[in-house]
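Quick notes on the structure that follows.
Read-outs throughout are calculated quantities, based only on the coordinates presented, and are distinct from any laboratory measurement. What you see is a predicted model, and the numbers here were worked out from it, not measured in a lab. Here the Cβ positions follow ideal geometry from the backbone for every residue, glycine too, while neighbour counts run over all protein chains shown.
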Amino acid sequence: MKEFFTSKKFKIILALCALFAGVMLYAALSGQNGVSSAVGAVLSPVQRVSSSISSWVSSRLDMLINAGDYYEENKRLREELARLTAELADYISVKQENEQLREMVGLAGTDTGMEFSEPCTVIGRTANDLFGSFFIDKGAKDGISEMDPVVTKDGLVGFVTEVQYTYSLVTPIMSNELSIGVFCVRTGETGVSSGSLELAADGVFSVLYLPLDCQLEEGDILVTSGYSGLVPGGLVVGRITSLAKDASGLSNTGYAAPAIDSAGLKKVYVIVDFDGKGEGFEAQE
């Protein structure tokens, strides 16, 4: 018995008794509110734990009891999400079609006689080609022929130079194989486009046979003249970047950046017919 009174257990019990005695004494001196506060302070952690356990048990019971209702609700929500996703896909498709129609109407506004292919997707590019040639997913079966002009809403890209049944090769206007008549919108001066590998490396093509008193300036817009029957008139070709006198001293040469950067193209249109097509074809532009 003596050992118990000297043990650690007895000291703990004695400390707890002193604690409760202190609480009771404090309650007696401060009234009922003090008792409530003291008891609340002691029991608050226990209450929090009890409340958490109760909430967890309630949520699990709710899931078990109402599992059927929750399943039906989730099924309904999944069906609604699928419907909204389908509607969004339809909306995007219609929006793209409307944009394509607006582009075609805008292009046709420059020449009411132009007829276009369906929108063509760029499906590949010619490796190591400084001119930027590329392949499109439309060919002979779509009414496309060699030397048909290829355009976007922003202007002339180039020409179809090879046609297969289901695809075609497009060569941009910077190519040394193409030459078209152009004129300046601001001054009305005319010239002939010409390309080369050296110029293509700098991202430009030349404009030949400009008069010595040429008034062209940097930034002037060049459009197709349309005289040869190869391409409709009025399509934007590019902008003048610089002007230099020929070595012969008899004329000037302009240098222009194409209106369309073929490297970034994803979609184009082919002009399969237009008023005046083929007229004057024999004449060199």
field: Within-13-Å neighbourhood charge of Ser168 [Cβ basis; K, R +1; D, E -1]
entry: -4
- prompt: Cross-link list Lys141/Lys277; Lys245/Lys266; Lys245/Lys267: which exceed 32 angstrom alpha carbon to alpha carbon?
  reply: Lys245/Lys266; Lys245/Lys267
task: Name the residues whose placed amide hydrogens come within less than 5 Å of the amide hydrogen of Leu178, ignoring near sequence neighbours (fewer than 5 apart) on the same chain.
output: Gly195
- prompt: Using the per-residue mean of other Cβ atoms lying within 10 Å as a proxy for protection, in what order, highest first, do the peptides 165-172, 119-126 fall?
  reply: 165-172, 119-126
field: Cut-off under 5 Å, modelled amide H: who pairs with Ile123 long-range
entry: Phe135, Ile136, Asp137
- request: Report the local net charge at Thr241: Lys and Arg +1, Asp and Glu -1, summed over other residues whose C-beta lies under 12 Å from its C-beta.
  value: -3
Hull shadow area, averaged, the stretch 117-273 [alpha-carbon convex hull, nm²]: 8.7 nm²
- prompt: Of the GluC sites (Glu not before Pro) in the stretch 196-239, which ones lie in a loop per DSSP and count no more than 14 other C-beta atoms within 10 Å?
  reply: Glu217, Glu218
message: How big is the stretch 176-269 along each principal axis, measuring the range of its Cα positions in Å and listing the largest first?
response: 42, 28, 24
